[in-house]
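Encoded as structure tokens, the structure appears first; notes follow it.
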Amino acid sequence: MERKTDYEWVAGDAITGTEIHERSGHRLKACLCSPCTREEALDNRTRGSSHPDYHEPDPCSGRNGATRMLTPAELKPYLSHEDAEIRDVAVAYFEQCYYQDSNLVPIILESCRQYGYEENMRGLAACTHFPLTEEAFLTVFERLTATADRTAAHHFNSIIAHAPVDILYRHENRLLESPRVEREIIKRVELRRKLAGWEPERLWAELRDYAEAARSKRYVGDIDHRYVDSLVEALGPHDVPGTVALCDMLQAVDQDEGWLEIFIVDLVGIRRANESVPLLVEKYRIDTDYLLERCSRALARIGDPEAVRLVGQAFRNGNWHYRNYASALLPRIKSPLSEDTLIELLESEEDLDIRTSLHIGLLELFSRRGVEIVHRDILDRRYNPGYAELDEDILPVAAVLGIEFLESEDWRRLRAERRRQRAKAEREADEIAQRYARLQRKGIHPLSELSIKPGEPFGPRTPERHHDSKVGRNDPCPCGSGKKYKKCCMGRD
């Protein structure tokens, strides 16, 4: 990519300089030119500029001479790192922004070959977000045919379902004849092929008709999202309706378009329509989770730093709901402006939940300056541990950046203990589920009085704008997984 502004990446930006961490009067220099061991990092405190790996700060590299966040080119090798946790945070970086690089899937598949499927499920699940070449498609099909891992097979089926239509067309017979390709996947592939042959006017009419027919539907689960997503995908390459017309429809906020508003948000995201960015950011003032999750997805696809600039302008005067959602958007746009904005917002933000969301954003950007700030705020307890366990989240990011903290070993032990407790809780939950299943087989239904009655609606509320109580993105997920809602079922089709 060519540099157009100060906030766009140049492929292969150099990593130079040192990160300085200060706490209780001591300074820890972590060399960024090469990873240091804990002992080497601590020893560097006394070596200073005489250390052979020390570099003077680059005056062009960022505020106070600190080197900027990693570029995608610098982070890509970590997709095949030997540490599964590091692989997962690298995958999350590219998944968040729907990074368009056809090399990502082959790298993840090679990582699966090296380290096994069980240690790469996050990467396999993310492959549906990335471009797929024909060579990678054939590798996926071969792995599907050979694997006995049911979860991996499910992910391979999903990757096939999202493959380019022309590739699916060329390998239709292979898919139809394979017993490992799920029948539901075959239906999705056939639908995508059919819609690819429609004229754009017909696709747009069908999308509007579906939205009109769904106007009375109030729950996300009532919508056939796979059908709608296939319509939007097929309509994406066309200019029907044009970008100006779509923006006019998005701007008509007084006319409650119901589901059509969400479908249009998806469409401008697929088209990466920069003109829609101000309108999408403005919708963050509306208190409705599902619409805003789709807006975040669209803005991440578009990737325009203008969204970051607009959020930065409105953030301090926004209410808690606005700041909560907008803070999670910023790291999805992989721009140094996002890094600068997150750091500036932290300087004045007092709400611990919002602060924690901003901290997470800096970690998701692999920001060297951000890691310093997160480290300091962990020690000062200027975040909400109930929102996120930052002492865990910072470890793989710091490892990628070659930074070792004095507290890292303690945090690793704490992380291991937490994981043991979680595993114990999961075993206990499994035992309860098995006992419940045994009672059901005997005709005993302990929770029958709590069951949903026939005809009673179930599922999250839909795009109706409201200010009623709702499941917050940081609340426990209603599905019972134990995860936060934003990391589990929120935004799933």
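At-a-glance table
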quantity	calculated
Amide H contacts of Y219 (H built 1.01 Å from N, under 5 Å, at least 5 apart or other chain)	T462
Above-threshold pairs, the threshold being 27 Å between Cα atoms, out of K217/K283; K187/K217; K76/K194	K76/K194
Karplus 3J(HN,Hα) series, Hz, for the stretch 434-439 with 6.51 cos²θ - 1.76 cosθ + 1.60 (x for Gly, Pro)	5, 5, 4, 5, 5, 5
Cleavage-rule hits (GluC sites (Glu not before Pro)) in the stretch 302-348: DSSP loop, at most 16 neighbouring Cβ within 10 angstrom	none
Label-point gap, in nm, between R316 and E407 - each point 7 angstrom along Cα→Cβ	2.8 nm
Length added when fully stretched, L352-R285, from 0.36 nm per residue minus Cα-Cα	22.1 nm
Net length gained if the chain between D166 and H445 were fully extended (0.36 nm per residue, minus Cα distance)	95.4 nm
Rounded if a/c under 1.5, otherwise prolate or oblate - the stretch 200-239, Cα gyration tensor axes	oblate
Residue-wise HN-Hα coupling along the stretch 114-123, computed from phi with Karplus coefficients 6.51, -1.76, 1.60 (Hz; x: Gly, Pro)	6, 10, x, 6, 4, 8, 9, 5, 4, x
Label-to-label distance, nm, for residues given as S102 and Q421 (7 Å Cα→Cβ offset)	4.9 nm
Length added when fully stretched, Q251-E212, from 0.36 nm per residue minus Cα-Cα	12.2 nm
Residues whose placed amide H lies under 5 Å from that of F366, excluding near-sequence neighbours	none
Per-residue HN-Hα couplings for the stretch 375-383 [Karplus 6.51, -1.76, 1.60; θ = phi - 60°; Hz; x = Gly/Pro]	4, 4, 6, 4, 5, 8, 6, 9, 7
Rounded if a/c under 1.5, otherwise prolate or oblate - the stretch 289-372, Cα gyration tensor axes	oblate
Positive-end extreme of charge dipole, the stretch 275-353 - chosen from G303, Y322, P336 (charges on Cβ)	G303
Förster-model FRET efficiency, 25 Å R0, D83 and E389, C-beta, rounded to 0.05	0.85
The stretch 80-117: chymotrypsin sites (Phe, Trp or Tyr not before Pro) in DSSP loop, at most 16 other beta carbons within 10 Å	none
Surface per residue (accessible, 1.4 Å probe) for the stretch 135-279, Å²	50 Å²
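The values are calculated or read from the model by the stated rules, or taken from the named source; none is laboratory data. Because the structure is a prediction, the values reported are computed rather than measured. Here Cβ is always computed from backbone atoms with ideal geometry, including for glycine, and neighbour counts include all displayed protein chains. The protein model used for the area step is the full one, side chains on, heavy atoms only, and it has no ligands, DNA or RNA in it. Shrake-Rupley method; radii C 1.70, N 1.55, O 1.52, S 1.80 Å.
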